[in-house]
Structures are given as C-alpha cells and as structure tokens.
C-alpha cells in the first residue's frame, strides 16, 4: 500500500468517527429535549387531574359563576388537545388561558366564605399552585434543552450531519404572561 492511500484512508476513518460523534451528540440532545418534555407532561397531567375536583367543588357553591367555570373547562380541553398533538405554540396559548381562568376562579372563590372555609378547596388550590411551580421549573429546563439542541443544529459542522439525518429543531414552550391581579370589584359589579 502506498503512503498516500494510507493517509487518505486514515483521514476517511477520522472523518467517519468525527461524524459518528456529532451524530451521537445530536441524538443525545434530541433525547434530552424529549425527556424534558416528558417531565412537563407528567406535571401537566397531574394538574389537569386535579382540575375536575376543583371545578366540582366550586360548582356546589358558585352556581351563578358559570362563566368562570366554563372558561376553565374549555381551556383545560384546549390544553389537552394541544398536548395530544404536540403543538407547543397551541399548548402555550391554552395554558395561558387556563392559568387566567384558574386565577379568576380562585379569586371568585375568595368571596364565598363557605367555599373559602372548605378544607378541600384549600388543599386543591395549594396542590395546583405547587404543580404550577413544578411546571414552571420543568418548562425552564425544557426550554434550555431546546435552545441547546437548536443551537447545535445550526452550528458547523453539526449542521451538515443534522441535515443529512433530518434532525429538526424543537419548539420552545412559552406561556404568555396571563397571570395578573384579578380586579375583584369588577367581577362583582
């Protein structure tokens, strides 16, 4: 074998190993994004499992507040639909609506002394608040993973391997700042 052929084969082997390393790192990042999403999904499902209990409890005391109850039910349905289809933008919008609806519902509940005194409501509200905090923490980790994944997909030489094997960027999960102070006086006007 000639020295030139050995050098060419050596370069090809090194290039193949380097491409394999890049591919493996891209797969790892893709799986990190999937794992981070799975963690959010678990917390979302746990919170959504608590919502029917909260709504049932509020319905007993708040028959004249059907609009607030309906808003939460509709938003919950939109969140579940977006989760099912993997639509991150739709999920972010639906979650924003759900959070606003929950804030309004809990604010209305504060003006029902018998409901406010109900221990089950207090426990459910606390559980939902804890799950909201968990979702926020996990969303931050998810979005960090997505950013890292998407950056690597655009960097040279990773971009060549990513395009060759059709790696796609992931979508950030963003919630609009729908949490605002509820004007209680306006609700009862």
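Which of (1) outside any helix (DSSP H, G or I); (2) modelled with pLDDT under 85; (3) surrounded by 14 or more Cβ atoms within 10 Å (Cβ to Cβ) is the odd one out, the single condition residue 170 does not satisfy?
Answer for residue 170: the failing condition is (2).
Given the criteria modelled with pLDDT of 90 or more and either surrounded by 12 or more Cβ atoms within 10 Å (Cβ to Cβ) or touching a helix residue (DSSP H, G or I) at 6+ places or on another chain (Cβ under 7 Å) (or both), does residue 23 qualify?
yes
Does region 5-19 contain at least one residue that is out of contact with any helix residue (DSSP H, G or I) (no Cβ under 7 Å at 6 or more places or on another chain) and either in contact (Cβ under 8 Å) with a residue 40 or more places away in the chain or surrounded by 12 or more Cβ atoms within 10 Å (Cβ to Cβ) (or both)? Quick ask: steps written out before the conclusion?
Taking region 5-19 and keeping what is out of contact with any helix residue (DSSP H, G or I) (no Cβ under 7 Å at 6 or more places or on another chain), we get 5-18.
Checking which are either in contact (Cβ under 8 Å) with a residue 40 or more places away in the chain or surrounded by 12 or more Cβ atoms within 10 Å (Cβ to Cβ) (or both) leaves us with 18.
Checked against the condition, which is being out of contact with any helix residue (DSSP H, G or I) (no Cβ under 7 Å at 6 or more places or on another chain) and either in contact (Cβ under 8 Å) with a residue 40 or more places away in the chain or surrounded by 12 or more Cβ atoms within 10 Å (Cβ to Cβ) (or both), region 5-19 yields at least one hit.
Can residue 68 be described as without any contact (Cβ under 8 Å) to a residue 24 or more places away in the chain and either within 20 Å of the chain's Cα centre (by Cα) or part of a helix (DSSP H, G or I) (or both)?
Here the answer is no, as residue 68 does not meet what is asked.
May I ask you to verify whether residue 132 is under 19 Å from residue 38 (Cα atoms) and free of Cβ contacts under 8 Å to residues at least 12 places away in the same chain? Quick ask: steps written out before the conclusion?
Working: under 19 Å from residue 38 (Cα atoms): yes; free of Cβ contacts under 8 Å to residues at least 12 places away in the same chain: no.
No: the conditions fail for residue 132.
Do the conditions hold for residue 128, that is, is it part of a helix (DSSP H, G or I), within 16 Å of residue 48 (Cα to Cα) and modelled with pLDDT of 90 or more?
It is true that residue 128 is part of a helix (DSSP H, G or I), within 16 Å of residue 48 (Cα to Cα) and modelled with pLDDT of 90 or more.
What's the number of the condition residue 115 fails, among (1) touching a helix residue (DSSP H, G or I) at 6+ places or on another chain (Cβ under 8 Å); (2) modelled with pLDDT of 85 or more; (3) not in a loop (DSSP other than H, G, I, E, B)?
Every condition holds for residue 115 apart from (2).
Do we find a residue being more than 21 Å from residue 39 (Cα to Cα) and in a loop (DSSP other than H, G, I, E, B) anywhere in region 135-152?
Filtering region 135-152 down to residues more than 21 Å from residue 39 (Cα to Cα) leaves 151-152.
Pick out the ones that are also in a loop (DSSP other than H, G, I, E, B) and you get none.
Taking every residue of region 135-152 in turn, none turns out to be more than 21 Å from residue 39 (Cα to Cα) and in a loop (DSSP other than H, G, I, E, B).
Going by what's in this entry, would residue 104 be described as surrounded by fewer than 17 Cβ atoms within 10 Å (Cβ to Cβ), more than 12 Å from the chain's Cα centre (by Cα) and over 21 Å from residue 143 (Cα atoms)?
Details: surrounded by fewer than 17 Cβ atoms within 10 Å (Cβ to Cβ): no; more than 12 Å from the chain's Cα centre (by Cα): yes; over 21 Å from residue 143 (Cα atoms): yes.
Judged against the criteria, residue 104 is not a match.
Just the residues that are crowded, with 16+ Cβ neighbours inside 10 Å and farther than 23 Å from residue 170 by Cα, please, taken from region 128-140.
Result: 128, 131.
The values are calculated or read from the model by the stated rules, or taken from the named source; none is laboratory data. Just so it is clear, the structure is predicted and the values come from calculations on it, not from any experiment. Positions of Cβ are backbone-derived with ideal geometry, glycine not excepted, and every protein chain shown enters the neighbour counts.
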